[in-house]
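The values are calculated or read from the model by the stated rules, or taken from the named source; none is laboratory data. Values in this document were obtained by computation on a predicted structure and should not be read as measured data. So basically every Cβ, Gly included, is an ideal-geometry build from the backbone, and we count neighbours across all protein chains shown. We work out accessible area using only protein heavy atoms, side chains counted, and drop any ligands, DNA or RNA first. Shrake-Rupley method; radii C 1.70, N 1.55, O 1.52, S 1.80 Å.
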Amino acid sequence: MSREAVVTFVNSLRASKAAILTLCFVALLVPSAILPEIFFYYDVTPKAVLVLAGAAGSLWFFSRPAGNPARWLSRLLAAQSASLILATMLSENVSLSLGGSNWRRLGLVTHISVLLIALLVSRTAAAGSLPLWVRVAAVAGLAPALYGIAQYFGWDPWLPAAGYHAGEGSRAIVRPPSTLGHAIYFANYLVGSSFCGVAVAMADRSARWRRFGCASAAVAAVAILLSGTRGALAGLVAGAALLAGSLRGKVTRRALAVAVAGGGLLTAFLLSPAGAKLRNRVLWALEEPPGGARLLLWRDTLHMARRYWLYGAGPEVYSAVFPQFQSVALSRQYSDFYHESPHNAFLDALISQGLPGLAILALLATFALRAAWRRRSDPSSPALPLGAGLFALVVAHLFACFTIPTLLCFYWTVALLAALEPVPVRERNPARRLICAGNHVLAAVMLLYAVRLAVGDRSLAVTRAHLDAGRLTEGVRAYERHLRWRPPGMDAELWYSRRLLVAAQASSDWMQRTRAFTEALRAARRATAASEQPANAWYNLAMLEAARNHAPAAEGALRAAAAAAPTWYKPHWMLARLYQHLGRLEQAEAEAAVALQLYGGREPEVAATWREIRTSRNSLTLRE
């Protein structure tokens, strides 16, 4: 071997180690990343920046010498990327599909980054680092699980407890979100992490790591239980049942004893004073309608899918488009509820990418489960627990959509299962230089997007701090900086408009109050063109136009809000009050009747408005 070949080989090994280290940091930090004092969207933006930067760094450092996972993975990931790109190009809101919504930031750029991370993990796992990646996944869930448990028992140094407590007195419950924004996404992420702990406990060669795997799985299971998330619990039980059935009598007496002891401890905890909030959560769940809003939501989503079945409405546009398809029944039952997703990962894929996206997601899960089943007889392989974990994730996400951490967990598990079926590596690739150049360009784009996202979000946090302190001029300047740096799809105009209105109402300075109101009106107008909640944006603009006594503009904005969300009662209610003020009683009565019908007659003020208008109209008729 020549000296140049040796140097090239050594450099490639160094690059591969750097890529593996980068991927390890991504896996360990993404689920735990939360920066309340730094970012505005403190539990979303850090995760998105880490995924983008991690994918870029891995692409930059990754070299060709590595293993090849099963061919179906690379082909399906390529098909998924193509489907996402096509759906974004044809999206109802291209900018929103490109960057993602504020609540989860899972647009095209971030989604592609997750797919790249999965491919690189699978390539390195096929080359011999599979045990490492299983350990990393088990470790990654430990910190969020411990934090969530601490939140349940009342210790939280970072987040206000009021955000995840509900009810009062003896009916109070707690839904710890940990570092993942909501109890549902927290528990769903731990479903996958817990089975990685089981995989370490069953297949790792190190006794210390096996003990750690047991502890990690147990802590994750406890955290899932304390979160009170029914879908995650269903997934955990389904995965455990699949694993137990696959072992076919290989379960030891010690494992059975541990299971029995765990059941006894759970019963004792539920009966103890410490388990009161969890008991209350069970009672709340029993008092809810079957499935809550989900059954009606899924039905309306399927109606929506009839229009977008071929290529989808576009990633992340669900909250903007769904109100046009929302039924009267759902609106009457949940009148002021914001449906940000269909609460089903497969329906989300169907709406976002059409039938191709749904089929690709289903095929990824199917092929990965088949790979686990083929290796079921190998006691040294983590195939069975990983397969059970993937099945548990699928079950859990029948009741929730993906976020960045849960999507990463899903593809991570799929990638590891694909690495169980490696194929030979081609020694030479004629397009290697072209691929490397493309990787570097893609890495640069992801890094640029990550920087813009971080600076844009940080500017929003500074804006809020200034406005909270009454520094209007500094707040406006900080928001202008946000506008310069924000990436496509990032929009806070609706929040900014409402926050400026609060500042205007709180100020005693006439000049400052006028300036704040003017800025709020400008932001409200911009929000109608870019917001992921168009109905709310138009409604907000209508309230501002009404506040300055511009009735025609207020009427137009309310009509636009009603068109964006036809079954939402508030635009019709406000139109009724506006028409009543203008003396157009016939139109006022018609709009009040529509509002009353959409709200189900449960709101006293809506019914009072209708009765008042009808009485006024009857009195006017008698006088005539």
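Only DSSP H runs of four or more residues enter the estimate; each adds -39500 (n - 2.57), and after division by the residues of the chain the mean residue ellipticity at 222 nm equals -23500 deg cm²/dmol.
Solvent-accessible area of the chain (1.4 angstrom probe, protein heavy atoms only): carbon and sulfur portion equals 63 percent.
Given region 186-325 reduced to its alpha-carbon atoms as identical point scatterers, what log10 I(q)/I(0) does the Debye formula return at q = 0.09, 0.10, 0.18 Å⁻¹? Ignoring solvent entirely, the Cα scatterers give -0.44, -0.53, -1.10. On the beta carbon distance between ARG208 and ARG307, with R0 = 60 Å, the FRET formula returns roughly 0.60. Our analysis of region 438-561 gives Rg over Rh at 1.07, with the two radii drawn from alpha carbon positions and Rh computed by the Kirkwood formula. Electrostatic tally near ALA166: other residues with Cβ closer than 14 Å to its Cβ, Lys and Arg +1, Asp and Glu -1, net +1. Model label points for ALA469 and GLN512, set 7 angstrom from Cα along the Cα-to-Cβ axis, are 1.3 nm apart.
Please grab the % of Cα pairs in region 124-193 that end up more than 14 Å from each other. Of all Cα-Cα distances in region 124-193, 63 percent exceed 14 Å.
Near SER331: Cβ cut-off under 11 Å, other residues only, Lys/Arg at +1 and Asp/Glu at -1. The net charge is 0. A DSSP coil position with no more than 11 other Cβ atoms inside 10 Å describes none of the chymotrypsin sites (Phe, Trp or Tyr not before Pro) in region 531-624. Relative contact order of region 409-538, taken over Cα pairs closer than 8 Å and 6 or more residues apart, is 18 percent.
Label-to-label distance, ARG584 versus GLN333, with points set 7 angstrom from Cα along the beta-carbon direction: 3.5 nm. With K and R counted +1 and D and E -1, the other residues having a Cβ less than 11 Å from that of LYS47 yield a net charge of +1.
Placing unit charges on the Cβ atoms of the charged side chains and taking the dipole of region 251-365 about its Cα centre, the candidate lying farthest along the positive direction among VAL317, ALA276, ALA305 is ALA276.
Order of 90-100, 500-510, 237-247 by packing, highest average Cβ count within 10 Å first?
Numbers: 90-100: 21.5, 500-510: 15.5, 237-247: 17.0.
Result, highest mean first: 90-100, 237-247, 500-510.
Take every pair of alpha-carbon atoms less than 8 Å apart whose residues are at least six positions apart; their mean separation over the length of region 327-468 yields a relative contact order of 23 percent.
Straight-line cross-link reach from LYS570 at under 19 Å between alpha-carbon atoms covers these aspartates and glutamates, not counting any fewer than eight positions away in the same chain: ASP336, GLU340, GLU532, GLU545, GLU555, GLU586, GLU589, GLU591, GLU603, GLU605, GLU612. Relative to the first principal axis of the alpha-carbon coordinates of the chain, what is the inclination of helix 585-599, with its axis defined by its Cα atoms, in degrees from 0 to 90 and to the nearest 10? With rounding to tens, the tilt is 30 degrees.
Sparse packing (at most 12 other Cβ atoms within 10 Å of the Cβ) combined with a DSSP loop state is found for the following trypsin sites (Lys or Arg not before Pro) in region 514-568: ARG548.
Per residue, the accessible area of the chain comes to 45 Å², computed with a 1.4 Å probe over protein heavy atoms only. With the cut-off at under 19 Å, measuring from each backbone N in region 476-503 to a point 7 Å along the Cα-to-Cβ line of ARG522 picks out 476-486, 491-503.
Distance from the C-alpha centroid of region 117-192 to that of region 326-361: 24 Å, rounded to the whole angstrom. Roughly what angle does helix 404-418 make with the longest principal axis of the chain, taking Cα atoms, 0 to 90 degrees, to the nearest 10? On a 0 to 90 degree scale, this one is about 30. The calculated Kirkwood hydrodynamic radius for the chain is 26.5 Å, given to one decimal from all distinct C-alpha pairs. Against the chain, whose longest principal axis is taken from its Cα atoms, helix 142-152 shows a tilt of about 40°. Working from the Cα coordinates of region 20-129, the gyration tensor eigenvalues give, after taking √(5λ), semi-axes of 25, 21, 9 Å in decreasing order. Mind checking which of LEU447, GLN333, LEU544 is farthest towards the positive end of the chain's charge dipole, using Cβ charges of +1 (Lys, Arg) and -1 (Asp, Glu) about the Cα centre? Positive-most Cα among the choices belongs to LEU447. Peptide packing for 185-192, 111-118 was compared via the average number of neighbouring C-beta atoms within 10 Å per residue; ordered from the highest value, the list is 185-192, 111-118.
For a modelled paramagnetic label at ARG548, 7 Å from Cα along Cα-to-Cβ, the residues of region 452-485 in reach, with backbone nitrogen under 20 Å, are 472-473, 476-477, 480. Over region 197-344, what relative contact order in percent results from Cα pairs under 8 Å that are six or more residues apart? Relative contact order of region 197-344: 14 percent. Among 51-60, 158-167, the peptide with the highest mean count of other Cβ atoms within 10 Å heads the list, and the full ranking is 51-60, 158-167.
The stretch between LEU265 and VAL451, if pulled fully straight at 0.36 nm per residue, gains 62.2 nm over its current Cα-Cα span.
Mind listing which trypsin sites (Lys or Arg not before Pro) in region 311-380 are in a DSSP loop and have 16 or fewer other Cβ atoms within 10 Å?
Here the trypsin sites (Lys or Arg not before Pro) that fit, given the DSSP loop and packing criteria, are ARG376.
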